[in-house]
Amino acid sequence: MTEHTIRVGGSSNVQAKDKQPIGKVALISLGAFLLQTIVAPNITIAGVAPNFLLAAAIVGAYITSPRSGVIIGFILGLVFDLLSSGPVGSMTLIMSLIGYAFPKITSSLQVEGIGAWIAFVAISALAVNLIYAIIMAFAGAGGSFFSALLYKTLPSTVYDAVACAFGWLLVSNRSRKAKVPRTKKSKRMKM
């Protein structure tokens with residue numbers, strides 16, 4: 001990835017990364033769709049399934065830009081809305097917003113390392129799931145807000161954070177072993 005300076009309002013102090021991993025994002029999105037439709041219904045715990053599409057939106061936004069994050073979040077949110085029984089457009093809006101905000105905030109806070117990244121993902125997933133629970137409560141779907149918070153939102157947040165951690169490990173350059181430069185081999189002494 002190349003790093004270059006973007007001029008904003010005449011100043012040149014804003015740094016941005018030039019990232020264009022379209023193929024990687026498409027592969028992640030396709031994998032998330034397959035996981036959401038095939039695997040997620042079979043690994044529910046107490047009626048809570050992971051949202052692999054949210055994980056893909058967060059990871060996709062992280063490896064691209066905020067502009068691309070909105071598009072990724074919109075598409076994957078719409079797919080989630082069409083697969084779920086909730087109101088169409090709710091998760092589309094929420095995932096579009098997180099697709100824009102996540103890369104902006106992680107770059108401005110300089111979130112590095114898997115521990116800090118997972119903590120920030122968990123906070124983001126909690127925000128997404130909390131907003132979705134509020135929308136579902138106002139739409140009259142899903143029962144009371146507090147039971148949805150306790151039995152759906154919090155377990156779903158844990159599930160989503162774990163799914164994002166696996167996604168991060170797949171796309172992170174840090175997960176690969178660094179190549180150690182070779183040194184000259186010393187001659188063995190025969191005894």
Point to revise | Residues of region 137-165 classified as surrounded by fewer than 18 Cβ atoms within 10 Å (Cβ to Cβ) and modelled with pLDDT of 85 or more, total | key: 3
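Of these, Ile123, Ile114, Ile134, which one is β-branched (Val, Ile, Thr), modelled with pLDDT of 80 or more, within 23 Å of Thr64 (Cα to Cα) and out of contact with any His (no Cβ under 8 Å at 6 or more places or on another chain)?
Testing whether each residue is β-branched (Val, Ile, Thr), modelled with pLDDT of 80 or more, within 23 Å of Thr64 (Cα to Cα) and out of contact with any His (no Cβ under 8 Å at 6 or more places or on another chain) leaves just Ile123.
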Practice item. Scan the helices (runs of 4 or more DSSP H) fully inside region 6-98 and keep the ones with 1 or more residues being modelled with pLDDT under 85. Key: 22-34
Review point. Applying the selection to region 99-143, what residues are assigned to a loop (DSSP other than H, G, I, E, B) and closer than 19 Å to Ser84 by Cβ?
Key: Gly140, Ala141, Gly142, Gly143
Review point. What is the one condition in (1) farther than 19 Å from Val48 by Cβ; (2) in a helix (DSSP H, G or I); (3) not aliphatic (A, V, I, L, M) that Phe146 does not satisfy?
Key: (1)
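The values are calculated or read from the model by the stated rules, or taken from the named source; none is laboratory data. For clarity, every value in this text was computed on a predicted model and none was experimentally measured. Cβ: placed from backbone, ideal geometry, glycine included. Neighbour counts: every protein chain shown.
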